[in-house]
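This report refers to the structure that appears directly beneath it.
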Amino acid sequence: MSARNIARFWEWGRKIICVGRNYADHAMELKNAIPSEPVLFLKPPSAYVREGSPILLPFYTSNLHHEVELGVVIGKAGTAIPQSSAMDHVAGYVLCLDMTARDVQDECKSKGLPWTLAKAFNTSCPISDFIPKEKIPDPGSINLWLKVNDIVKQNGNTSQMIFSIPYLINYISEIISLEEGDLILTGTPKGVSSVQEQDELQAGIDDILTMTFKVDRKS
Ligand SMILES: CC(=O)CC(=O)C(=O)O
Ligand SMILES: [Mg+2]
């Protein structure tokens, strides 16, 4: 049996832990309070979708939003990982979209219900190719951008994150042990907007990588 390859971590079926409201400008555009602690939610591994396959519109939403985010791929397991050694647990990064059925999320929020239907549906986590850690020496200072049909919608820098990557690894691993192949989505900057069937989403990290996805309806 061949050894597992971290560059194909999405095939391992590990956890996807998402951080919400980690950029003040995005929290404010949705009229949410600036959090004093990270806001966490989960997606299942069935949320992954790779370039070449479409993002499928769930039948129960009429307001699907894009959220471009930096994803941190865990390379070494740990519990209660100190901030000082947190980066030793990182294998690399991916560019991610946290696709969100905003109308459904708003309804869940108003009823005090979990965000599962809004955030965890099939294809709700499009991801790029794996980026080895060495290619991003300072993940706390990179530009993330996203265009819909060639129009720029999001353009933010990870320096705007409220909680840094070492802080998030420490905070999460105190509550949920991290395993090799887990992915942490670190939150989105402002500019989220609605996408429609047949839209083309292009996103990138500086001059490091771009990715393209089409939105489609399940046939
Ligand atoms: C309000 C949200 O959907 C939170 C979120 O996912 C984020 O990235 O911020
Ligand atoms: Mg998000």
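List of remarks:
- Counting every other Cβ atom within 10 Å of each residue's Cβ, 99, 211 order from fewest to most as 211, 99.
- Of the GluC sites (Glu not before Pro) in segment 13-110, those whose Cβ has at most 14 other Cβ within 10 Å and which sit in DSSP loop: 51
- Those lysines that a straight Cα-Cα span of less than 27 Å connects to residue 76, excepting residues fewer than 8 apart in one chain: 15, 43, 119, 133, 135
- Cβ-Cβ FRET estimate between residue 111 and residue 157, R0 fixed at 35 Å, reported to 0.05: 0.50
- From phi via Karplus (6.51, -1.76, 1.60), per-residue ³J(HN,Hα) for segment 114-123 in Hz, x at Gly/Pro: x, 8, 3, 5, 6, 10, 10, 5, 3, 6
- Across segment 183-195, rounded Karplus estimates of 3J(HN,Hα) from the backbone phi angles (6.51 cos²θ - 1.76 cosθ + 1.60, θ = phi - 60°) give 10, 10, 8, 9, x, 10, x, 5, x, 4, 7, 6, 10 Hz, Gly and Pro being marked x.
- Put in order of Cβ neighbour count within 10 Å, fewest first, the listed residues 121, 163 become 163, 121.
- Residue 216/residue 33 FRET efficiency (R0 35 Å; Cβ-Cβ; nearest 0.05): 0.50
- Ranking of 171, 60 by neighbouring Cβ atoms within 10 Å, starting from the fewest: 60, 171.
- Electrostatic tally near residue 93: other residues with Cβ closer than 11 Å to its Cβ, Lys and Arg +1, Asp and Glu -1, net -1.
- Helix-derived mean residue ellipticity, 222 nm - over the chain, DSSP H n ≥ 4, -39500 (n - 2.57), to 500: -3500 deg cm²/dmol
- Between the listed residues 125, 195, 113, the Cα displaced farthest toward the positive end of the dipole of segment 6-217, a dipole computed from Cβ unit charges relative to the Cα centre, is found at 113.
- Across segment 6-217, Cα pairs under 8 Å and at least six residues apart give a relative contact order of 33 percent.
- Taken about its Cα centre, segment 6-217 carries a charge dipole of roughly 380 debye when the Cβ of each Lys and Arg holds +1 and the Cβ of each Asp and Glu holds -1.
- Convex hull volume per residue in cubic angstrom - Cα atoms of segment 6-217: 108 Å³
- Working note: Karplus 6.51/-1.76/1.60 with θ = phi - 60° gives segment 20-30 the couplings x, 6, 8, 10, 4, 5, 6, 4, 6, 5, 9 Hz, where Gly and Pro are set to x.
- In summary, the lysines within cross-link reach of residue 147, defined as a Cα separation below 20 angstrom excluding same-chain residues under 8 places away, comprise 190, 214.
Throughout, read-outs are computed from the coordinates displayed, never taken from laboratory work. In this text, all values refer to a predicted model and were calculated from it rather than measured experimentally. Every residue, glycine among them, receives a Cβ derived from its backbone with ideal geometry; neighbour counts consider all protein chains shown.
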